[in-house]
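Data first, discussion second: the structure below is written as structure tokens.
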Amino acid sequence: MQLKKRSRETAEVPQAGMADIAFLLLIFFLVVTTIDVDTGIGMQLPPPPDPDQEPPPIRERNLMNILVNAQGFILINEERASLPEVKQLVMDFVDNQNRAQDPNLAESPRQAIVSIKTDRQTPYEIYIDMLDEVIGAYRQLRDEASMREFGIQYRQYSARVSREDNVIREMYPQNISLAEPDPGS
Amino acid sequence: MSKFQKKQAGTKQQVPTAAMPDIIFMLLIFFMVVTVLREVELQVRVDFTRADNIEKIEQKRLVSYIYIGPEILGGGQFGDTRVQIDDALVDDIFAIRRMMYDKLMEEPRLIVSLRVDQKSEMGIVSDVQQELREAGTLRINYSTLRGAQAPM
């Protein structure tokens, strides 16, 4: 009778150490985990240039040339501009149809192209700051249009509809062209 | 009075610990899922710039990183600006084309995250961009942190 009782006891797996093992693994994963979310400015590069094909003609008024030179100065259509001005200038240019209707600025937001050019010595930091302003201008235009049409922020709107049905996106496409820097200088 | 005292004595003072392993396991599984083991050893210094109008990359599996920054020489010294892909520094910039093309074949929806040191110059960045264009990996992302812009 005693022997039978003992054999039943040894059949059990001890459970007390399990929590310790789990703790050990937990601490390991806690240490190695890096919860860093990848954030950044998303861009689409143009496809490689085709030597046989001429670039499509673009009317000059539809093109905004932004040059960031080696000293970090921003030139918009050959005129000096400071960084905080960039956003307003881009918005005026892209949304000209609904604003000033200046004959020298873009015909419609869909035809507007913002061309960004840099020198080889341009500091990367200033380039990103400038790009941030341009993206910010487009974001504000989209937000305004979204509030006008649907009464919600663009971010909420774009989460609800698919990419194809996104009319705001179609209204203000981000036509940003990254030009190659001058080989010289 | 005695009745009240007896009742209090009858309640257990201990916190039940039977469910603790379950809770620990739950946490463990959470961390196992979110963990991305660091697979690259950085050989270049990358201090991110800051920007406000940024977006999150939701699908981390699609991302491939290119690091651009001054080479770490050890002892707090930094060398010339170099390009690092995966674990190796790239000597020939035209080799990027081939490498990225191979990656694109494996993952057609590839996003290339450019992690560039803020003190870099645009020359090398645009060289890499030209290579990416040739490779056909057109979706890129300039990695930045959220926050106010650094004073100029």
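The values are calculated or read from the model by the stated rules, or taken from the named source; none is laboratory data. For clarity, every value in this text was computed on a predicted model and none was experimentally measured. Because the Cβ atoms are built from the backbone with ideal geometry, glycine has one as well, and the counts that use them run over all protein chains shown.
Here are the criteria: (1) under 25 Å from residue A:168 (Cα atoms); (2) of a type in the set (A, V, I, L, M); (3) part of a strand (DSSP E or B). Tell me which single one residue A:67 does not satisfy.
Result: residue A:67 passes all but (1).
So that you can scan it fast, the table gives a plain yes or no per residue for (1) modelled with pLDDT of 75 or more; (2) in a loop (DSSP other than H, G, I, E, B); (3) closer than 30 Å to residue B:110 by Cα:
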site: A:37; (1), (2), (3): no, yes, yes
site: A:40; (1), (2), (3): yes, no, yes
site: A:71; (1), (2), (3): yes, yes, no
site: A:75; (1), (2), (3): yes, no, no
site: A:84; (1), (2), (3): yes, no, no
site: A:103; (1), (2), (3): yes, yes, no
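From the list A:140, A:156, A:111, A:174, exactly one residue is more than 13 Å from chain B (Cβ to nearest Cβ), out of contact with any Gly (no Cβ under 8 Å at 6 or more places or on another chain) and surrounded by 14 or more Cβ atoms within 10 Å (Cβ to Cβ). Which is it?
A:111
Which number in (1) surrounded by 13 or more Cβ atoms within 10 Å (Cβ to Cβ); (2) within 14 Å of residue A:177 (Cα to Cα) marks the one condition that residue A:47 misses?
Here residue A:47 clears every test but (1).
Give, as residue ranges, the strands (runs of 3 or more DSSP E) completely inside region B:23-130 that count at least 3 residues that are touching a residue at least 40 places away in the same chain (Cβ under 8 Å).
By residue number, B:49-51, B:63-74, B:77-85, B:111-116.
Taking into account only those residues within region B:102-119 that are among the charged types (D, E, K, R) and within 12 Å of chain A (Cβ to nearest Cβ), which is nearest to residue B:63 (Cα to Cα)?
B:115
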